[in-house]
Amino acid sequence: MGHDPIALRILWDKLISITQETSAALVRTAFSSVVREGNDYAVVLMDARGNSVAQPWHCPPSFLGTLPITARHLLRRFPPETLRPGDSLVTNDPWLGTGHLPDLTIVTPIFGPRGELVALAGVIAHMADIGGIIDYGGTREVYEEGIRIPMVRLAREGSLDETVLEFIRNNVRVPEDVVGDINAMLAANWVASERVRQLMIEERIEDFTALADEILSRTEGAMREAIRAAPAGVYASEVSLDGLEGSITLRVRVEIAGDTIHVDFAGSSPQNHSSLNSVISYTYAYTAYPLKCLLNPSIPNNEGCYRPITVAAPEGCVLNAKPPAAVMNRNQVGHFIPAAIFSALAEVFPDRVMAHSGSTPVTLEAFAGTGRDGSPYVLLVGFNGGSGAAPGRDGRTSCFPSNMSNTPAEVIELTTPLLVEEKVLIPDSGGPGKFRGGPGQRITIRNLANTPVLHNLVVNRLNHPAQGLLGGRPGRPNRLFLNGRPLRQTRSRLALRPGDAITVEYPGGGGLYPPADRDRDRVERDVRDGLVTPRAAALEYQWERPLKAMPARLPRAQQGGQR
Amino acid sequence: MSERVQPYRVGVDIGGTFTDLVLLNNQSGALAVEKLLTTPDDPARAVQDGTRRLLERTGTRPESIADIIHATTLVSNALIERKGAKTALLVTAGFRDVLQCARESRYNVYDLALEVPEPVVPRHRTFEIPERILATGEVRVPPDEGAVRRLARRLRRERYEAVAVCLLHAYRNPDHERRVAALLRTEAPDLFISLSSEVLAQAREFERACLTAMNAFVQPVVKGYLARLEADLAALGFRGSYYMGSQGGILTPEAAAQFPVRLLESGPAAGALAAALYGRLIGCPDLLSFDMGGTTAKACLVRGGAPLITTDFEVARVKRFMRGSGLPVRLPIVDMIEIGAGGGSLARADALGLLSVGPESAGADPGPVCYGRGGTEPTVTDADLLLGYLNAAYFLGGEMALDAAGAETALGDLGARLGLSAVRAAWGIHEVVTANMAEALRVHAVEKGVNYRGMTMVAFGGAGPVHAYRIARILGLARVIFPRAVGAFSALGLLSARLAFDLSTSYVTDLASADMDRVHDLYRDMFGQLEPLFTKAGVAWNLVERRISVDMRYKRQGFEVTVPVPEVYLEDGNRAALAEAFDAVYQASYGRLVAGAPVEAVTWRAAALAPPPRFNLRMETGAATGDAIKGSRPVYLREDQGSVEVPVLDRYRLQPGVRIEGPVILEERESTIYIGPGAWATLDELGGVVMTLCEVS
């Protein structure tokens, strides 16, 4: 029985609002700052077959893409007839979903008013720690990267499986945070289950699967129509990024044919002996995501958006690594896929593409040390460089293509004995263009404790700054400093002694269209705001007129106006 | 606010379009109402004019007026339109970009050219102060006083009007902010100064800086306005002005001038208070307040006679219904949720071939197609007209003729794109807005743990009474009340507000080892600070109601749940009772507890409320004479019934004791009440129309 366009709209909106409520429950109950402040989580409402049906608008696209894939693996391992109310399933196997161990995926079956399995609530969250060595980039096999949780039943008819929890507790540095976050994930799925059940009763939904099918086929139809409207053809590009054994190249070939798109990554670099390797599910998620942004950004995302898109990557290449490859930093590779696709399709969609982002890839900084109360802490923070410019919009200092939030300096300092000494934008770091790339930022964090702190990160874009598109110019590259002295490596794993300070200068985003076309008001505003120096404005934008009452050197003058 | 020989009270609601005033004689209960156009260039003028008219019409002397209470949209509008003062933001050295960066994430990941709200203070007006306080409250670097002085002189030279100061960890240790303020006052005495430790003493620097900047940005505007208003009213012979606060309590003029962000949403909040008041007067403490006007529909839950409060509000959203697209306001605010886009919402066929309604609105200009002012896209009002809910010849009491043919053409075009007839498209619009509003209300109620089934709704605003029946049906509400004088209903709410202040103190501690003597002391301090605010306003402290709540969480969580606790728990030092209260709130919200995890108390809140004003309200119930029946017209009731001839009655001619069976239309000047099948209408003792619903088989 089909719904009319009105009833379907109403039910669809309700399902989306349920996922928003679910995500609020997770954030408010989460223990670790990476989830509650960093936004490193996702929730998806799926039908009983593991098709994504509804999701919020703000979760990272990777998780939104991998969650249904993981759910379908779990359903094969635990067939629907074996599931009971109160059960929850878990795994963190990279090859079954998110691509690295810290992300736990938990799926909870939802039972309808008549006691039958109707839907699945899914949640992914990045744990503060998952054991293994804290050595971003440096691992050579997945076994070094932490505990690998197979597909198991985490909760059985409402009770947590203590054996599973004990395995986890015994393998992580901060068991309270990890178990606390697992509880938060279960709370989120509980909220989703309760709301779906209520909705089915109130709206007298007899067949949730039929409703899901209608939503999916509408979406799929709209997506196929958008593809059909795009010029058919084969479009290719390649992008390079910093690897630990030299550059890594992603080669992409996008074929638009009829109402389908096939993306092939043949010719990309082979998998390597660092943790910069992606798995196919993660590769798929970050391939489908930019295509949806370009083709049909306003419709709600679900399985229907994925169906017309197929992705191939040769087994053993950096985008389809085979076990037991190290994969901890799969985002350092996978986050470049949207950039490669924007490059390939820039001429096809000149009024839609986004220039490459300095915030690609997300750089997760890990700090592991001893808190003021003597207990160990692991702090994961993600700060961002500049996003790429988009049509009509300058880039910002903002995450792309993931969606990490920064962690407030005050929260970092409340939870650890670290000092955030500065967090300021870098002038001239956004790539020039008619629309300017987002500025990068400099962040310095100092160890105030009297014990050493392990600091670990992999940065990218030291040698490959974010590219501009269609005449736009590249953003400023990344830089790293220890106590003010430059570090030339992309990977840093060092003990910050008491008083040591680590500085990351996050890169700027690329510009879009030629800088000469930039609106003069925008140039002047940037100069006045100190985001572009007068010198760079003259050089890049042929800007001549000095501003009235322009201080000689703006940034210093801000320090209380000493000069 | 004390009882003197001044029986009269005045409530003034300064809205975007109209300024509404009510004059209440608290001895007789008689009520007079005045409505006039807002004077945006100088809002005080309309207040002055309206007050004078009310006094003249009722023959009242200004001296017999005890107090005058205002609500205003001035603060929201100044922020939305960015019409504020030249404002500087002073931050800790190294954090100049706290507003520029915000939280660095995107509220919608699929929009590559995402629009975000502009910071209230631009980067070139943000200045760094060399100083540093640590998370523990210890001073790492004392403020560089020479630098502050030089900066102060520069701000004076460059004619800044206001300064926001937001230094790291000032919520923990406000000394540096206070020192900076003292230096600013010495060097630049004319500057308005807002300190983050006073505006919002909470951790998370972006949210705190943002609100402090907003406060500074609107402060000179608001202060100037308040001063003019006070002077004008004084010239008329008034004393005793008060202001409606965002949280539904009354602020003194001093508090309003110092913390103008606390006036945010005071207008809509007044509507919710009015609904709450109405509920109290008729013995119904729990209800839904539903206010649907031309551009927005707002709802609020009223529990125990008072509207619910939130601390998770956003102002000046760039995408109306997108959470995260506005500027965060982490203050207690009456929990008015925007549940729809009002009668002017535009209807379209979207990319999926589905009908979508709003959030874009035709506003007042050009307005709906039927206004005949150049609108071409159909709106909710056009749909309501074609369906027969509105009367083309009696809109605003007949002052404005509606173009029914134009509406039908526009709806026909939309229908063609959806494969539906004009009427079916109109019905679709009616259904979608109604269902969306009902759903938004439902989600809100569920989030707040309120069982809405069987509740009472109070519906007002121009479009509210048209849509209330169907929302009530969807949600299973028992009855809907349509008060009299809907036009000035919000203003009436002002007179019911209580003088109220709240304070909070941050004391982060494991609950199990909390120093209850310290807790006792901090509450003694807070109530000690609150007491003079009441005595100064003439309210005896022993009459003041004291409320206590504690924000608690599991240790290492980042957000708290607010747990109301009886004061006696603290007097007894009863930690176990506090823990139990936390468990109950947490379990109800999230379905589980975290076994073995220690509970932490974070913020200790104290609120003090003056006794509710004595309220004697007697709405005129003497109906106009003559036959209430005006005629009948076809109204589209349901898809399976199509249009049915429905009687039309004059609301003003309804007699006490009548019972009118639906379906029926009751017309009044500012709105149209629709009583659907299976429901019936009666009049209550205050002259309100009460619609009672029963199950349709």
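The values are calculated or read from the model by the stated rules, or taken from the named source; none is laboratory data. All of these numbers come straight from a predicted model, not from anything done at the bench. Glycine gets a Cβ as well: all are built from the backbone with ideal geometry, and neighbour counts include every protein chain shown.
Things worth noting here:
- Out of B:G367, B:G342, B:G324, B:G283, one residue alone is part of a loop (DSSP other than H, G, I, E, B) and within 14 Å of another protein chain (Cβ to nearest Cβ). It is B:G324.
- When residues of segment A:500-521 are limited to those that are exposed (fewer than 15 other Cβ atoms within 10 Å of the Cβ) and of a type in the set (D, E, K, R), the one farthest from A:T444 (Cα to Cα): A:D517
- Looking across segment B:23-76, the residues that are more than 19 Å from B:A485 (Cβ to Cβ), surrounded by fewer than 18 Cβ atoms within 10 Å (Cβ to Cβ) and of a type in the set (S, T, N, Q) come down to B:Q27, B:T39, B:S64.
- In segment A:5-28, the residue that is surrounded by the fewest Cβ atoms within 10 Å (Cβ to Cβ) out of those that are more than 7 Å from chain B (Cβ to nearest Cβ) and over 21 Å from A:C59 (Cα atoms) is A:A7.
- Selection of segment B:146-164 for residues being over 37 Å from the mean Cα position of the chain (by Cα) and surrounded by 15 or more Cβ atoms within 10 Å (Cβ to Cβ) yields B:A147, B:V148, B:R149, B:R150, B:L151, B:R154.
- For segment A:442-465, filtering for residues that are in a strand (DSSP E or B) and in contact with a helix residue (DSSP H, G or I) (Cβ under 7 Å, 6 or more places away or on another chain) leaves 1.
- Considering the conditions (1) in contact (Cβ under 8 Å) with a residue 40 or more places away in the chain; (2) in a loop (DSSP other than H, G, I, E, B); (3) over 28 Å from B:L396 (Cβ atoms), B:R453 is excluded by exactly one of them, (1).
- Test: residue in segment A:318-341 that is modelled with pLDDT of 95 or more, hydrophobic (A, V, I, L, M, F, W, C) and more than 27 Å from A:R479 (Cα to Cα): yes
- Entirely in segment B:143-217, the helices (runs of 4 or more DSSP H) that have 3 or more residues that are in the same structural domain as B:C101 (by TED's automatic domain parsing) and under 28 Å from B:T603 (Cβ atoms): B:175-187, B:196-199
- Segment A:285-330, subset of a type in the set (V, I, T) and not in a loop (DSSP other than H, G, I, E, B), residue nearest to the chain's Cα centre (by Cα): A:T287
- Among residues of segment B:114-127 that are within 10 Å of chain A (Cβ to nearest Cβ), those with a beta-carbon under 6 Å from a residue that is surrounded by fewer than 21 Cβ atoms within 10 Å (Cβ to Cβ) and aliphatic (A, V, I, L, M) at least six positions away or on a different chain give the pairs B:E115/B:V318.
- Residue in segment A:407-416 that is more than 7 Å from chain B (Cβ to nearest Cβ), of a type outside the set (A, V, I, L, M, F, W, C), buried (at least 22 other Cβ atoms within 10 Å of the Cβ) and touching a Leu at 6+ places or on another chain (Cβ under 7 Å) present: yes
- Meets criteria (more than 10 Å from chain B (Cβ to nearest Cβ), under 23 Å from the mean Cα position of the chain (by Cα) and crowded, with 16+ Cβ neighbours inside 10 Å) for A:M185: yes
- When the residues of segment B:469-499 are filtered to those that are assigned to a helix (DSSP H, G or I) and among the small types (G, A, S), the one that is modelled with the highest pLDDT is B:A472.
- Members of segment A:167-182 found to be within 12 Å of chain B (Cβ to nearest Cβ) and not hydrophobic (A, V, I, L, M, F, W, C), listed by number: A:R169, A:P175, A:E176, A:D177, A:G180, A:D181
- Put simply, of A:R493, A:R476, A:R497 the only residue that is touching a residue at least 40 places away in the same chain (Cβ under 8 Å) and buried (at least 19 other Cβ atoms within 10 Å of the Cβ) is A:R476.
- Strands (runs of 3 or more DSSP E) lying entirely in segment A:16-97 (those with 3 or more residues that are in contact (Cβ under 8 Å) with a residue 24 or more places away in the chain, touching a Pro at 6+ places or on another chain (Cβ under 9 Å) and not polar (S, T, N, Q)): A:41-47
- For segment A:98-134, a tally of residues being touching a Pro at 6+ places or on another chain (Cβ under 7 Å) and more than 19 Å from A:F167 (Cα to Cα) returns 3.
- Within segment B:36-85, the set of residues being outside any loop (DSSP other than H, G, I, E, B) and among the hydroxyl-bearing types (S, T, Y) comprises B:T51, B:T58, B:S64, B:T72, B:S76.
- Considering residues of segment A:356-406 that are among the basic types (K, R) and surrounded by fewer than 24 Cβ atoms within 10 Å (Cβ to Cβ) only, the residue modelled with the highest pLDDT: A:R393
- Boolean, A:V196 is away from chain B (no Cβ under 11 Å), buried (at least 17 other Cβ atoms within 10 Å of the Cβ) and either at pLDDT 95 or above or part of a helix (DSSP H, G or I) (or both): yes
- Conditions (1) more than 27 Å from the chain's Cα centre (by Cα); (2) part of a strand (DSSP E or B); (3) modelled with pLDDT under 80; number of the one not met by B:A88: (3)
- Residue list for segment B:134-169, restricted to those being in contact with a strand residue (DSSP E or B) (Cβ under 7 Å, 6 or more places away or on another chain) and closer than 20 Å to B:L200 by Cα: B:L134, B:A162, B:V163, B:A164, B:V165, B:C166, B:L167, B:L168, B:H169
- Sole residue being over 29 Å from A:D526 (Cβ atoms), within 14 Å of chain B (Cβ to nearest Cβ) and at pLDDT 95 or above, chosen from A:L425, A:L419: A:L419
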